[in-house]
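Report on the following structure.
The values are calculated or read from the model by the stated rules, or taken from the named source; none is laboratory data. Since this is a predicted model, take the numbers as computed values, not measurements. Cβ: placed from backbone, ideal geometry, glycine included. Neighbour counts: every protein chain shown.
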Amino acid sequence: MEICFKQLAIAIALSTALNGLAQAAQPMSLDDFVPPVSGGADKPASAASQAGDVVTADNLQDGLGYAYQQLLADNGQGILTVKTKTGMGVISASTVNYTRYENLNATLLSKRGAYFKAFNEAQGQLVKYFEGLESNCNSAVSAHELTLDTGKESLANVASGSSDTCKETAKGMLAGYVTYSVSDNDKDDAVTLTLASSTKTRGAMNRMNGAVVSSSDPKKAFEYIAREISLGVVPPMGAKLINDPETGESIVIGFGSSIIRQNADKRVMASMAKMANEQSRQRANNSLVAFLNGSEVYWQGGFDEKQIESGQQFDVPVDENGKAQAPVAFADTRNTFLNTVSHSEDFKSFTGGKLPPGVITKTFASEDGYWSNTIAIYRPSATLVAQQEGRENRQAAGAAPRGMASRPVQIEGGVAPGSANPKGPTGSVVRDNDF
């Protein structure tokens with residue numbers, strides 16, 4: 001019974017800590033927990049420099065902050081390496097546009113889709129950096145000439161064509177990366193999402209598989225977790241790593257989100273909110289698995305370019321039966337040029353595995369009510385308690401024996417640049433000392 005009460009105390013403490021999310025930001029306490037608009041410092045406090053794609057700094061926090069600002073200045077896209085005396089890190093950023101629609105649900109779904117695409121693009125950049133990529137290109141050039149000479153004149157048609165096709169592929173396992181920052185630029189209708197991986201985040205996975213650190217005061221432990229979360233933005237997806245300085249325990253927080261679709265019918269609206277809560281919960285759990293077990297990421301990009309140039313001085317017309325007629329000469333050479341290029345990128349990721357026992361999740365709505373957010377918290381010491389409860393539970397179980405009016409759905413149009421656009425998650429996710 002003591003263990004059951006301890007777990008209940010943990011759940012109550014966390015629930016109480018998170019119930020204040022929709023209130024105004026004030027000093028942190030269990031009864032008042034509000035994610036601020038922006039998180040910790042995302043700019044360097046000490047000198048840093050850049051040479052090529054490598055940033056050098058005194059410490060990783062300043063280095064990542066400097067690199068982050070450089071990526072933002074470069075259209076919020078790219079990847080940089082950070083070197084310090086104590087470790088190395090990598091930061092990957094991606095920016096994706098979304099579209100506003102008359103239907104608010106469509107706007108919010110477009111925005112979350114942009115976050116999701118940016119997340120996958122940032123993952124793809126990381127896997128290319130860690131694993132390298134395979135490149136294959138095929139090119140071809142062709143030339144054709146046709147001349148026509150008579151007793152009075154000489155005519156010629158010339159044509160040339162080229163084809164250039166390239167494909168690049170990268171695949172590998174990604175683990176131990178965290179969401180560094182998220183931003184919704186509602187003026188340009190674009191979101192930027194940044195991922196970071198460091199010696200610390202990658203090493204935490206090994207530490208969690210080792211000895212379990214127990215806590216004699218679970219309520220105090222979750223007060224610390226709640227305080228840490230409140231210091232950084234709750235991102236729509238990804239994970240965050242924190243360390244309890246009192247116990248030395250590594251704690252991973254997985255984030256998940258879903259859009260709460262708006263509907264005029266209250267019963268339908270309640271069903272939509274329930275569905276959104278379940279989606280965000282599953283996504284938060286999957287973010288935990290991705291950090292602990294890794295994700296298999298596959299990226300493929302390529303282009304196909306074709307070009308045709310021709311100069312035509314005569315033509316041989318045909319009749320309706322396809323029979324060639326007498327050649328005709330043009331007064332001037334007819335020059336034509338055509339170039340076509342297609343570009344594609346494909347991102348695929350697979351994350352699978354079993355969550356450890358004792359993972360606690362909490363789902364809450366955003367302040368404006370348009371997002372359902374879930375955090376899933378993994379503490380090795382909580383897992384130890386849950387495993388003991390599971391053994392007790394298994395021992396106990398072993399001892400016990402109509403028609404409606406309708407109209408066509410409008411699927412075309414609806415784009416409305418000046419329509420409502422509730423701001424999405426924005427700010428630094430990682431605070432000063434997290435790296």
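So is LYS152 outside any strand (DSSP E or B), charged (D, E, K, R) and surrounded by fewer than 16 Cβ atoms within 10 Å (Cβ to Cβ) or not?
It is true that LYS152 is outside any strand (DSSP E or B), charged (D, E, K, R) and surrounded by fewer than 16 Cβ atoms within 10 Å (Cβ to Cβ).
Hey, TYR298 hits all of (1) surrounded by fewer than 18 Cβ atoms within 10 Å (Cβ to Cβ); (2) out of contact with any Lys or Arg (no Cβ under 8 Å at 6 or more places or on another chain) but one; which does it fall short on?
If we test TYR298 against (1) surrounded by fewer than 18 Cβ atoms within 10 Å (Cβ to Cβ); (2) out of contact with any Lys or Arg (no Cβ under 8 Å at 6 or more places or on another chain), just (2) comes out false.
How many residues are crowded, with 17+ Cβ neighbours inside 10 Å, in a strand (DSSP E or B) and either touching an Asp or Glu at 6+ places or on another chain (Cβ under 7 Å) or not β-branched (Val, Ile, Thr) (or both) when one looks only at the range 350-384?
Number of matching residues: 8.
For residues that are in a loop (DSSP other than H, G, I, E, B) and modelled with pLDDT of 90 or more, scanning just the range 76-110, find the one that is surrounded by the fewest Cβ atoms within 10 Å (Cβ to Cβ).
Once the filter is applied, the top-ranked residue is GLU102.
Among the numbered conditions (1) surrounded by fewer than 20 Cβ atoms within 10 Å (Cβ to Cβ); (2) touching a helix residue (DSSP H, G or I) at 6+ places or on another chain (Cβ under 6 Å); (3) at pLDDT 90 or above; (4) not basic (Lys, Arg), tell me where GLY113 comes up short.
With respect to (1) surrounded by fewer than 20 Cβ atoms within 10 Å (Cβ to Cβ); (2) touching a helix residue (DSSP H, G or I) at 6+ places or on another chain (Cβ under 6 Å); (3) at pLDDT 90 or above; (4) not basic (Lys, Arg), GLY113 is out only on (2).
Quick one: would you say ASP62 is at pLDDT below 85 and either touching a Pro at 6+ places or on another chain (Cβ under 8 Å) or part of a strand (DSSP E or B) (or both)?
Considered against the rule, which asks whether it is at pLDDT below 85 and either touching a Pro at 6+ places or on another chain (Cβ under 8 Å) or part of a strand (DSSP E or B) (or both), ASP62 comes out as yes.
Looking at (1) modelled with pLDDT of 80 or more; (2) within 25 Å of LEU108 (Cβ to Cβ); (3) under 17 Å from the mean Cα position of the chain (by Cα), find the lone condition where VAL233 falls short.
Among (1) modelled with pLDDT of 80 or more; (2) within 25 Å of LEU108 (Cβ to Cβ); (3) under 17 Å from the mean Cα position of the chain (by Cα), the lone unmet condition for VAL233 is (1).
Which residue pairs have Cβ atoms under 6 Å apart, sit 6 or more places apart or on different chains, and have a first residue in the range 160-178 that is under 23 Å from GLY302 (Cβ atoms) and a second that is polar (S, T, N, Q) and part of a strand (DSSP E or B)?
The qualifying pairs are GLY161/SER142; SER162/GLN307; ASP164/SER139; THR165/ASN138; LYS167/ASN136; GLU168/SER135; THR169/GLN300; LEU174/SER295.
What are the pairs, 6+ residues apart or on separate chains, where a residue within the range 301-313 that is closer than 28 Å to ASP346 by Cα has its Cβ under 7 Å from a residue that is surrounded by 16 or more Cβ atoms within 10 Å (Cβ to Cβ) and not basic (Lys, Arg)?
Qualifying pairs under 7 Å: GLY301/GLU168; GLY302/GLU168.
Only one of these is modelled with pLDDT of 90 or more, outside any strand (DSSP E or B) and not small (Gly, Ala, Ser): ASN285, ASN321, ASN339, ASN335. Name it.
Of ASN285, ASN321, ASN339, ASN335, the one residue that is modelled with pLDDT of 90 or more, outside any strand (DSSP E or B) and not small (Gly, Ala, Ser) is ASN285.
What number of residues within the range 126-160 are of a type in the set (Gly, Ala, Ser) and under 22 Å from ALA326 (Cα atoms)?
Of the residues in that region, 4 qualify.
Kindly provide the set of residues from the range 44-59 that are among the polar types (S, T, N, Q) and not in a strand (DSSP E or B), ordered by number.
Answer for the range 44-59, where residues must be among the polar types (S, T, N, Q) and not in a strand (DSSP E or B): SER46, ASN59.
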